[in-house]
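Reading through the structure tokens given below for one structure.
Every number here is computed from the coordinates shown, using simple stated rules; none is lab data. Note that the structure is predicted; figures quoted are calculated from it, not measured. Please note: Cβ atoms are built from the backbone with ideal geometry, for glycine as well, and neighbour counts cover all protein chains shown.
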Amino acid sequence: MENFKLSWQNLFGHAETVEHLRKNIADGKFPHAVIFSGAEGIGKRLAAEICAAALLCDNPIDGAPCGTCESCKLVAAHTHPDFYVVEPEVTKSAPNIKIGQIRAMQTEAALRPINSARRVVILDGAELMNTAAANCLLKTIEEPPSQTIFILLTANRSSLLMTIRSRCMTINFDKLPATQIRDALIQRGVETAEAERLSVIANGSFGRALTLKDSGGAQIREAALDTLIKISRATLTNEDIFKQGAIVAEWSRDTFADFVTHVQKILRDITFADVMTPHNPDLAPRLSEIKIPERKIFAMIEAGVEFHRRLKSNANLRLLAEAYLFTLRKIVR
Ligand SMILES: [Zn+2]
């Protein structure tokens, strides 16, 4: 039990929400369709998986999964036959959930549960359903299979169909205070100044703070942003590129992969600002300074995908980094 990853103790913050969810589960009153609404990395997914484990557990304890029964282990391993997760498919441009994925889920959900008394379906990134997929899901939520519980996770509730919203109970996962995130980071051994910085960038999400910490903190993202601003202003010199190449040469391949990922996320934030929840909400004012035509941004994103692939070969890291920056600059010129 101590080390069971789907334990409420592992969810950071949200004490009142957790209390409420546990009570619903313990009283057998968990809604048939529920929306967990809140920013990316805030803990919605972990909370949903803990709920699923508790709902499918053979011996739940006050709305918490026991952590030792067969069901709990299978949910944690994502192999429980009555536990189904739908996630956006990552495409070259914007990730989305397609109607085929919803149909495949519906076929499963219509069947009788196999191991447990019920079935739990998690739809992560529900706002990324296209209209056809959303309408298809709506039919199921209107007349849900009696044993199936749907948990929709969204960072942008307002972009879900009104008809879906009105049929689901909404549970809000509020942003956490920066001080709470800072203290938790310090507790995990992060230096005070760095914890301070990360807690601000994390924008209320502890998961995001941890991701940033693991990707070399805020500096890598800053380097990515700085590079893009220079490219957009046509001020990125050959010397800048060789200097960055020398810096990258000291990095691990994973760190350079993170750098490319940050560039990709920033480019997506610029292009999909109107339709997607931004990866970097705190950067919004600075991103508006980057003026690059959309078709060039698409070409830059494509280049990022290509360099991610090349990183897996044993190409020289420094040369690869320089080639990447030269490529981005050439696209924009
Ligand atoms: Zn259990």
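What full-extension length gain, to one decimal in nm, is calculated for residue 333 and residue 312 as 0.36 nm per residue of separation minus the Cα-Cα distance?
Full-extension gain reported as 4.8 nm.
So what's the angle, to the nearest 10 degrees on a 0 to 90 scale, between helix 178-187 and the longest Cα principal axis of the chain?
90
Helix 131-142 sits at what angle to the longest principal axis of the chain, using alpha carbons and giving 0 to 90 degrees rounded to 10?
It works out to around 20 degrees.
Round to a whole angstrom and tell me the spacing of the C-alpha centers of region 217-274 and region 114-140.
A separation of 37 Å, based on Cα centres.
Could you tell me what percent of the DSSP beta bridges with both partners in the chain are antiparallel, to the nearest 5?
About 10 percent, rounded to the nearest 5.
Only Cα pairs within less than 10 Å get springs; with that Gaussian network setup on the chain, which residue of 293, 31, 144 has the largest fluctuation?
Per the Cα network of the chain with a 10 Å cutoff, 293 tops the list.
Measure nothing fancy, just the Cα-based angle from helix 218-232's long axis to the longest principal axis of the chain, in degrees from 0 to 90, nearest 10.
Approximately 50 degrees, to the nearest 10.
In a shell of Cβ-Cβ distance under 11 Å around residue 261, excluding residue 261 itself, what net charge do Lys and Arg (+1) and Asp and Glu (-1) give?
Details: positive: 221, 265, 268; negative: 254, 258.
That works out to +1.
Given the DSSP H assignment, sum -39500 (n - 2.57) over each helix run of at least 4 residues in the chain and divide by its residue total; what's the result at 222 nm in deg cm²/dmol, nearest 500? Please report the intermediate quantities before stating the final value.
Details: 15 runs with 174 residues, N = 333.
About -16000 deg cm²/dmol.
Top mean-square fluctuation among 210, 311, 21, Gaussian network model of the chain, C-alpha springs under 10 Å?
Judging by the Gaussian network model, the answer is 311.
Name the GluC sites (Glu not before Pro) in region 1-49 that are in a loop by DSSP and that have at most 16 other C-beta atoms within 10 Å, would you?
Qualifying residues, ordered by number: 2.
With a 10 Å Cβ neighbour count serving as the proxy for reagent exposure, in which order, fewest first, do 129, 300 appear?
300, 129
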